[in-house]
Amino acid sequence: MAPWSEYHHRSSTMLGCLALTRVLLLLIAGDGGGGLQGWDSGAHATFYGDIHGNDTMMGACGYGNLFEQGYGLKTTALSTVLFRNGATCGACYAIMCIHSPWCLPDRPVIRVTATNFCPPNYTRATEVWCNPPQKHFDLSMPMFLKIAHYRAGIVPVAFRRVRCDPKRGGIRFEMKGNEWWLMVLVYNVGGDGQVVDVKIKGTRTGWVGMSRNWGQNWQTWVVLRGQALSFRVTTSDGKVIQSDNVAPPDWMPGRTYEGRNFPDSYFYSKFGILPSK
C-alpha cells in the first residue's frame, strides 16, 4: 500500500489536471479567453471632443444639451451601418476593449447611449472607420478613457445592445414647429431607449401616427392647436408606454412636457432603486 503522502500527491495532481482542463475548456468556449459569447467582436472605437465633452453636444439625433437632457458624457456616435439613418438614436450599448495592449486592465465595460452620427469619408482609402460596412463607435473622450489608454487612439471592441441606465423622471416631449405642423423631440427614454414609433392624440382626435423627421424628432401635419395632447411611445423591444394629457390645451412650441417612463426609470426616479428582476 502506498503511503498517504503518495495518495495525497496523486490526488492533488489529478485535481490540478481537472482544473487545468476546465480552464482550457473555458478558454475555448469563451473565444480565446475573452468571454465574448453574446457579444459582437467585429467593431472598433475612437473618441472625439475633449475631456469636457463639449463637441459631443447637439448632433444628428436631435438632442441638445446632453447634460440637461439626462445623457451626460456616457454617449457615442455611431457609424453608418449602426446609425441606420437615425433609427438607432437613443439605443444603449455595452462596450469593452479587446485584443489590444492598449486596453485597460481587467477589461472594464462601459454603457453608452447613441446620440450622434459618425459620418463616412469616401475621399480616403484608409482609416475610414465610419464607412460602410464598418461597425464603429466614436465615443466621448471620458468614456474612451474608461476602456483604453489615450495614446491608443483606436482600439478593437466588443459590443452588445443593453437596456439603458435608469432615467430620472419621465420621457420628455419637446415641442417644435408651428400651428399647422408639429414636430416633437422625444428624449430621456428609459428601458430599451430606441424609439421606433410615436403616436399622438388630441382631445378631439383619435390616435395619429407620427413620422420620423430626423433623429428622434417626430412630426405630424394634423392640426392639434387648442387640444390637450397624449403620447404613445413604442421602443424597439416592442414595449409601449402611454402618457395621457401630457401637454395642456395651451401648449406652445419651445416648451417641453414630461410623460411617463418605462418601469426601471420609474422606480429609480421615485425610490432611487431598481426594481427586482
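May I ask you to say which residue of Val184, Val189 is surrounded by 15 or more Cβ atoms within 10 Å (Cβ to Cβ) and part of a loop (DSSP other than H, G, I, E, B)? Full working, then the answer.
On the way: Val184 fails: part of a loop (DSSP other than H, G, I, E, B).
So the residue among Val184, Val189 that is surrounded by 15 or more Cβ atoms within 10 Å (Cβ to Cβ) and part of a loop (DSSP other than H, G, I, E, B) is Val189.
Anything in region 137-181 that is open to solvent by 20 Å² or more (accessible area, probe 1.4 Å), of a type in the set (A, V, I, L, M, F, W, C) and part of a loop (DSSP other than H, G, I, E, B)? List them, or say none.
Matches in region 137-181: Leu145, Ile154, Trp180, Trp181.
Give just the number: which of (1) surrounded by 15 or more Cβ atoms within 10 Å (Cβ to Cβ); (2) modelled with pLDDT of 95 or more does Asp244 not satisfy?
Exception for Asp244: condition (1).
Whether any residue in region 64-78 is in contact with a Phe, Trp or Tyr (Cβ under 9 Å, 6 or more places away or on another chain) and of a type in the set (Asp, Glu) is what I want to check.
no
Just give me the residues in region 192-212 being within 20 Å of Phe262 (Cα to Cα), of a type outside the set (Asp, Glu) and not in a strand (DSSP E or B), in sequence order.
Selection gives Gly193, Gln194.
Name the pairs whose Cβ atoms lie under 8 Å apart, with the first residue in region 237-260 and free of Cβ contacts under 8 Å to residues at least 40 places away in the same chain, the second open to solvent by 90 Å² or more (accessible area, probe 1.4 Å), and 6 or more positions between them or separate chains?
Short answer, once both residue conditions are applied: Gln242/Arg260.
Among what's in region 77-99 and is more than 20 Å from Leu145 (Cα to Cα) and of a type outside the set (A, V, I, L, M), pick the residue that is surrounded by the most Cβ atoms within 10 Å (Cβ to Cβ).
Cys89
Within region 213-228, is there a residue that is assigned to a strand (DSSP E or B) and among the basic types (Lys, Arg)?
No: region 213-228 contains no residue that is assigned to a strand (DSSP E or B) and among the basic types (Lys, Arg).
Quick one: would you say Asp40 is under 21 Å from Val162 (Cα atoms), modelled with pLDDT of 70 or more, touching a strand residue (DSSP E or B) at 6+ places or on another chain (Cβ under 7 Å) and acidic (Asp, Glu)? Before you say what the answer is, go through the steps one by one.
Numbers: under 21 Å from Val162 (Cα atoms): yes; modelled with pLDDT of 70 or more: yes; touching a strand residue (DSSP E or B) at 6+ places or on another chain (Cβ under 7 Å): yes; acidic (Asp, Glu): yes.
When the stated conditions are applied, Asp40 passes them.
Which one is nearest to Gly86 (Cα to Cα) among residues in region 117-136 that are of a type in the set (S, T, N, Q) and exposed (fewer than 10 other Cβ atoms within 10 Å of the Cβ)?
Thr123
Looking only at region 34-76, filter to residues that are outside any loop (DSSP other than H, G, I, E, B) and not polar (S, T, N, Q); which one of those is surrounded by the most Cβ atoms within 10 Å (Cβ to Cβ)?
So the residue we want is Ala45.
The values are calculated or read from the model by the stated rules, or taken from the named source; none is laboratory data. Note that the structure is predicted; figures quoted are calculated from it, not measured. All Cβ positions, even for glycine, are placed from backbone atoms using ideal geometry, and neighbour counts span all protein chains on display. Side chains included, ligands, DNA and RNA excluded: accessible areas come from the protein's heavy atoms. Shrake-Rupley method; radii C 1.70, N 1.55, O 1.52, S 1.80 Å.
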